[in-house]
Amino acid sequence: MARLLQINPVVRTNTSTGKIMKEIGDLAMANGWESYIAYSKGRDGVPEATSKLVPVGSRLSVAIHGLETRLFDRHGLSSRIATRRFIQEIEKINPDVIHIHNIHGYFLNYKILFDYLSKCGKPVIWTVHDCWLYTGHCYYYSAAGCFKWKTACGQCPQRRAFPTSVVFDRSRRNYMDKSEAFNSMPKDKFLIVPVSEWIGAELRQSYLKDFDIRVIHNGIDTSVFKPVDSAAIRQKYGLGDRHIILGLASIWMKEKGFEDMLQIAQRVRDDEEVVLVGKMTAEQKARLPETVVSIDRTDNQQELAALYSAATAFVNPTWQDNYPTVNLEAISCGTPVITYRTGGSPESIVEDETGFVVEQGDIVGLMACIRFIRQTGKERYSSRCREYALAHFRKEDRYQDYIDLYESLTLR
């Protein structure tokens, strides 16, 4: 029986990467594979999973890794003992395929890990969920407008952003160390899988440009995210029959478009309501006008699907993103999406079919699209959105792409 080992700091299914990893593992097992998941024990405790779990490190090793990151800006270069012990576990498992999702997260030493991976002869896949893989510090750079990663980093404008360093800026040295570690992989044993065409194009301009780069988009559960009756959700949040302009972020911040949504809220009509789902600070909540309904979190995915279904339009004014799942969920619920031309956010949009794309910061453009959908009628878009979602967003299809990839790698 073939064996799959996936690696990610978290395995909890209330995180996007944890959920993706679990569901890939489940499908792999359904296809006759033995599935293992390595995760940070110090961050995730003892989670439940259907795959066999491989805990890495401890709370102490995570704490030391965090301290070294903050003091010395050397994220991914602590956890030396934890990484060597993990390599011993890899040897015991003897996987046929190693699939990395994230190794940043205060739990692995990438130099030690890739020194082993470059020599072990195992095929390695890295699904690229953000940009940390090819930068000297940050995990996104779009909002900062920084493109030093194309040459060599240094004087990082986001040193205090995740992974935060409060003392030193070692972004140039990190850049060089990452390039050396990741480029040590044999070209026929390292496959890079960005989840958007945008990040794939960025990777082809990075120090990883000579590797095999193949895009596999994320998928969603279209049996959950589907058009549903919204009467109950409207009553629960006192929305009446008003037109809902919906926004969603796990944590609302400037980069996710919080300021932009406030500007939209200042322009709505009497029969419109802005609904923002996601965590906010007390200061942010104090700034919300009466035209905004704030929901910290939904009770379950069915309630979220009802909110998507109730909305006239889903607005995603993100300033940095890879391939936002919220766009897919809204479209699958029959609701058109309006988003900025940011990263991979436009890739789920077929203009005037599943939504609209405007330039970053174009609030007037966002409002014009909202008005156009209202005038045209959401009904014009609903069936087209749903059909497109079923053709392109089904998680079963996207995860099968990975299974097919595993099978092809084991046949080499």
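The residue pairs whose first member lies in region 79-106 and is closer than 17 Å to Ala63 by Cβ, whose second member is modelled with pLDDT of 95 or more and of a type in the set (Val, Ile, Thr), and whose beta carbons are closer than 6 Å, counting only pairs six or more residues apart or on different chains, are Ala82/Val56; Thr83/Ile112; Tyr106/Val62. Tallying residues that are surrounded by fewer than 14 Cβ atoms within 10 Å (Cβ to Cβ) and in contact (Cβ under 8 Å) with a residue 12 or more places away in the chain within region 375-406 yields 3.
Of all residues being among the β-branched types (Val, Ile, Thr) and in a helix (DSSP H, G or I) in region 37-72, which is surrounded by the fewest Cβ atoms within 10 Å (Cβ to Cβ)? Just the residue, please.
Within region 37-72, the match that is surrounded by the fewest Cβ atoms within 10 Å (Cβ to Cβ) is Ile64.
Quick one: would you say Gly32 is closer than 24 Å to Tyr406 by Cα, more than 22 Å from the chain's Cα centre (by Cα) and small (Gly, Ala, Ser)? Criteria met by Gly32. With the structure loaded, tell me whether Lys111 is basic (Lys, Arg) and in a loop (DSSP other than H, G, I, E, B) or whether it fails that test. No.
Looking for whichever is surrounded by fewer than 18 Cβ atoms within 10 Å (Cβ to Cβ), more than 19 Å from Leu366 (Cα to Cα) and in contact with a helix residue (DSSP H, G or I) (Cβ under 7 Å, 6 or more places away or on another chain) here; the options are Glu197, Glu290. Which one fits? When all the criteria are applied, what remains is Glu197.
When Trp33 is tested against (1) at pLDDT 95 or above; (2) within 25 Å of Arg159 (Cβ to Cβ), exactly one condition is not met: (2). Taking every residue in region 114-137 that is assigned by TED's automatic domain parsing to the domain that holds Asp73 and over 20 Å from Tyr406 (Cβ atoms) and pairing it with any residue that is small (Gly, Ala, Ser) and in a helix (DSSP H, G or I), at least 6 positions away or on another chain, the pairs with Cβ-Cβ distances below 7 Å are Phe114/Ala181; Gly136/Ser171; His137/Ser171.
The values are calculated or read from the model by the stated rules, or taken from the named source; none is laboratory data. Because the structure is a prediction, the values reported are computed rather than measured. Ideal geometry is used to build each Cβ from the backbone, glycine not excepted, and the neighbour counts take in all protein chains shown.
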